Amino acid sequence: MTLKMTGTAASNGVGIAPAYIVDKPDLSFEKRRISDPFAEIQRFKDALLAISNDLRALKKAATKKLSKDELAIFDVHIEILDDPEMFNQVVTRIRSQRINAETAFEEVITRVIHEFESMTGNKYMQERATDFASIRDQVLAKLEGKQLPNLQTLDHPVIVVAHMIGPSDTSQMNAKYVKGIVTEVGGRTSHAAIMARSLQIPAIVGCKKVAHQVKNGERLVVDGFSGTAIVEPTTQQVAHYQQLASQYAAEKLQWAKLVNSPSVTKDGQQLTISANIGSSNDIPAAVNNGADEIGLFRTEFLYMKSEHLPTEEEQFRAYRDAVESLGGKTLVVRTLDIGGDKPLTFMPLPHELNPFLGYRAIRISLDRPQMFRTQLRALIRASQFGQVNIMFPMITTLEELQAAKKIYYEEREKLRQDYPHIGANIKLGIMIEVPLAALYAERLAKEVDFFSIGTNDLIQYCFAADRGNASVSYLYQPLNPPFLRLIEHIIKSGHQHNTTVAMCGEMAGDRLALPLLMGMGLDEYSMSATSILRTRSMMRNLDINECQKLYHEAVTKCETANQVHDLVEEWLKNE
């Protein structure tokens, strides 16, 4: 019987093949008292070392099929295994409680997993929980002497179906045989999704209970565009998806020709398509996908992977390396966006009932000015090595913006005592992600060189709907007419004062939003690297004047997001 299931589209493409269910061994164990803690600690050490060596071997074997960016994912897992803080916590439990390594390790790593899972305000950080869960399974399997599935043994076409897929799993996959991936957990920024995109394997993540509802060998269609999986598809459905796969293959060949092409519209207007990145490791993928610049560099990950507050010198080196690797392209850096939902182990933050409306982002920076000054000094120094622009997150009031600018200019003047013209090329901007800032955009535009609209948070605040809460996910409506009018207001307000307006939320890479945003006059579109070439290709076929007419029709004749969706879909068919 045909069954349709849905999840999150994580890697574009279509796959049709029998299902291969990844069955992991039972990793349950008994809590045991031990008589020799030193021997137990050594057993734990040996397990960590063996897994670390396995990952290094897998990384080496994958060098020919993965980019530097994807290979760095192995380094993340190796860093987890080598983390002295985690190791010491486990060792302390073994010694003080005289318990077996499995019990001590699971107690420690489960707490870490729960911390990341609770970061519902930051999808990227929330999905890091899957990395720790993957390490948990590997360590427990090693300690228990059990074998995890080895996907290298596959010798026929399959759709891999699993509760969770880790980097070690995806690195073992041969795209010749793995025609698609469907998992029960994960998101678009999970490492499994990133590597699936790199290997160009269609993937769906967050497809609940799929591993329990699909049987080995059942024919399965994976639609990586819509996030739809179809079990035992009809003949007509198979024919439809085979045609869709052929069309996509032809499109990709055409997109690849645009890597070094300008981002221009059909009527010749120059726009900018940028990439959102989390670290310098993401830059090669952005450049290889033709990014005009980096529109959002999230600096909080530099802090979150550190065991201490990063020094000025450590930050300077990270920012300098990033801008130098861009070969003259602009690096737009967001200052620290940390908060109650994204804790730092070395900087305890107060517990909050609603951290998304609390102590975070620019509010922390202004409250802890020395930390803010250190970051600004590092960024100003890095600007000597390329074009570095700075933007402040979660600005709500004019006073906040002016306070942030005051600190920036004070630090620039201090540095100019030794380097007279340092920072002369830096442009200052703000994230527009709070409704009040959006409404006050015309006044704020007088203070900055550019805006970057963070639609992920702006939508969540405008609709009073937590974007991490599945129960209200229906309220994630970027195409809602009143919301579109708010975006237009921000863009027009910026342009009145020669302020460039960018967008760095998910909406910037949405194919249905693109013609509407072009019709509003948005200058820059910043998105995940894998969306750049598709967007550039689409942009080159759209005329600004026609997009303006479409936008006007959308906000004057449509009353709901669904109506706008249908309008744009029909309009694109005729373009």
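Summary of values
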| read-out | value |
| --- | --- |
| ³J(HN,Hα) computed for each position of the range 86-93 - Karplus, 6.51 cos²θ - 1.76 cosθ + 1.60, integer Hz, glycine/proline x | 4, 4, 5, 5, 5, 4, 4, 5 |
| Sorted by Cβ density within 10 Å, fewest first, the residues GLU184, GLU307 | GLU307, GLU184 |
| Estimated Rh, the chain: Kirkwood, alpha-carbon pairs, angstrom | 25.3 Å |
| Cα-based Kirkwood hydrodynamic radius, the range 37-144, one decimal, Å | 14.7 Å |
| Theoretical FRET efficiency, 1/(1+(r/R0)^6), r = Cβ-Cβ of THR92 and SER306, R0 30 Å, to 0.05 | 0.85 |
| For a label point 7 Å along the Cα-to-beta-carbon line of SER261, residues of the range 540-558 with backbone N under 18 Å | 540-544 |
| Estimated FRET transfer efficiency when R0 is 60 angstrom, pair THR235-GLU79 (beta carbons, to 0.05) | 0.75 |
| Fraction in percent of alpha-carbon pairs per bin - 20 Å, the range 258-573 | 32, 59, 9, 0 |
| Per-residue [θ]222 nm for the chain (sum of -39500 (n - 2.57) over DSSP H runs n ≥ 4, rounded to 500) | -14000 deg cm²/dmol |
| Mean Cβ count within 10 Å, highest first, over the residues of peptides 436-447, 238-249 | 436-447, 238-249 |
| 22 Å Cα-Cα reach of LYS4 towards lysines, excluding residues that sit fewer than 8 places from it in its own chain | LYS179, LYS208, LYS209, LYS215 |
| Amide H within-cut-off set for ILE432, under 5 Å, with H built and near neighbours excluded | SER452, ILE453, GLY454 |
| Over the range 37-144, relative contact order from alpha-carbon pairs under 8 Å, at least 6 apart, % | 33 percent |
| Trypsin sites (Lys or Arg not before Pro) restricted to DSSP loop in the range 459-552 with at most 16 other C-beta within 10 Å | ARG511, ARG540 |
| Label-point gap, in nm, between PHE38 and LYS427 - each point 7 angstrom along Cα→Cβ | 6.4 nm |
| Straight-distance crosslink candidates among lysines, where the alpha carbon sits under 26 Å from LYS446 and sequence neighbours closer than 8 are dropped | LYS329, LYS405, LYS406, LYS414, LYS427, LYS492 |
| Length released on extending from LYS24 to HIS497, taking residue separation times 0.36 nm less the Cα-Cα span | 164.4 nm |
| Pairwise label distance in nanometres, MET538 with GLU570, each label 7 Å out on the Cα-Cβ vector | 1.9 nm |
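Quick note: the coordinates plus some simple rules give every number you see, no bench work behind them. No experiment lies behind these values; they were computed from the predicted model shown. Cβ coordinates were reconstructed from backbone atoms using ideal geometry, including for glycine residues, and neighbour counts include every protein chain displayed.
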